Amino acid sequence: MTDSPRLLGISGSLRAASYSTAVLAAFADATAAEAEWDHADIGLLPLFNQDHFVDPLPSAVAEFRAQIAAADGIVIVSPEYNHGIPGVLKNALDWASRPHNASPLLGKPVLVATASPAFTGGVRAQHQIRETLVSALASPVITPEIVVGLVATKITDGRFEDETTIAFARVGFAALFDQVAKGAGSTSR
Ligand SMILES: Cc1cc2nc3c(=O)[nH]c(=O)nc-3n(C[C@H](O)[C@H](O)[C@H](O)COP(=O)(O)O)c2cc1C
């Protein structure tokens, strides 16, 4: 393992001007000295169909799973849709989750954050996202929930700028790095 953990960022929104993606970018900027970042594009994934979970996997699926396997840890920033996990994110996690007990998500540390223009910051989606990760035998990082309320007021020219949130998220990143250092996420080296 190199000194810097390799992190894979996953935004739960496909929207071009997504607040979640902006928050993820700000987290990546804030931790650029401590981690190597890669980013997944879950918009490229087809809808999950178990008939297609055979060799060869759809190329976008194979690429996404390889990104996960190469990462020491994952950072998800997502909106909340109708009080739950966005379908595109669930779809991506479903593609990554098989076979059970031997998927690229197995034991992978995952830091979860949610964002919303509402005061509630997408907090109601957190449990569903974590529950999906637990089902996939990933290792969601235990930390105070990182919830970004009123996110639209914290975006300037498409960039998320809120030092209070970044400082709070650092606690979660410290827990993520600690979990990675204990070896939970290293599957490919
Ligand atoms: C289908 C749909 C459902 C939504 N449901 C919620 C919700 O339950 N709670 C909430 O806070 N915002 C909800 N919103 C508003 C989103 O938080 C808002 O559109 C946000 O900008 C989406 O995240 P993004 O900026 O990362 O794309 C919903 C939006 C859509 C399109």
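The values are calculated or read from the model by the stated rules, or taken from the named source; none is laboratory data. Everything numeric in this text was worked out from a predicted model, so none of it was measured. Cβ coordinates were reconstructed from backbone atoms using ideal geometry, including for glycine residues, and neighbour counts include every protein chain displayed. In case anyone asks, the SASA skips ligands and DNA or RNA and just uses the protein heavy atoms, side chains included. Shrake-Rupley method; radii C 1.70, N 1.55, O 1.52, S 1.80 Å.
Close contacts from the range 14-39, counting a first residue that is open to solvent by 30 Å² or more (accessible area, probe 1.4 Å) and a second that is polar (S, T, N, Q), with Cβ to Cβ under 7 Å and a gap of 6+ residues or different chains, come to T21/S11; T21/S13; E34/S4; E36/S4; D38/Q67. Among the criteria (1) in contact with a helix residue (DSSP H, G or I) (Cβ under 9 Å, 6 or more places away or on another chain); (2) among the basic types (K, R); (3) within 10 Å of the ligand (Cβ to nearest atom), the one R65 does not fulfil is (3).
Residues in the range 110-144 that are open to solvent by 70 Å² or more (accessible area, probe 1.4 Å) and within 14 Å of the ligand (Cβ to nearest atom): P117, F119, R124, H127, Q128.
Mind checking whether some residue in the range 148-160 is closer than 22 Å to W37 by Cα, more than 16 Å from the ligand (Cβ to nearest atom) and open to solvent by less than 10 Å² (accessible area, probe 1.4 Å)? Working first, answer last.
First, pick out the residues of the range 148-160 that are closer than 22 Å to W37 by Cα: 148, 155, 158-160.
Those still in the list that are more than 16 Å from the ligand (Cβ to nearest atom) too: none.
There is no residue in the range 148-160 that is closer than 22 Å to W37 by Cα, more than 16 Å from the ligand (Cβ to nearest atom) and open to solvent by less than 10 Å² (accessible area, probe 1.4 Å).
Pairs linking a residue in the range 122-141 that is over 30 Å from A152 (Cβ atoms) to a residue that is at pLDDT below 95 and open to solvent by 30 Å² or more (accessible area, probe 1.4 Å), with Cβ atoms under 9 Å and 6 or more positions apart or on different chains, are S135/H100; A136/H100; L137/H100; L137/N101; S139/A184. Residues of the range 161-172 that are open to solvent by 10 Å² or more (accessible area, probe 1.4 Å) and either in contact with a Ser or Thr (Cβ under 6 Å, 6 or more places away or on another chain) or assigned to a helix (DSSP H, G or I) (or both): E163, T164, T165, I166, A167, F168, R170, V171. Of all the residues in the range 63-90, those that are open to solvent by less than 20 Å² (accessible area, probe 1.4 Å) and under 14 Å from the mean Cα position of the chain (by Cα) number 13.
Looking across S116, S78, S135, one residue alone is in contact with a strand residue (DSSP E or B) (Cβ under 8 Å, 6 or more places away or on another chain), at pLDDT 95 or above and either among the aromatic types (F, W, Y) or over 25 Å from A35 (Cβ atoms) (or both). It is S116.
I'd like to check something: does the range 70-93 contain any residue that is part of a loop (DSSP other than H, G, I, E, B) and more than 16 Å from the ligand (Cβ to nearest atom)? Checked the range 70-93: at least one residue is part of a loop (DSSP other than H, G, I, E, B) and more than 16 Å from the ligand (Cβ to nearest atom).
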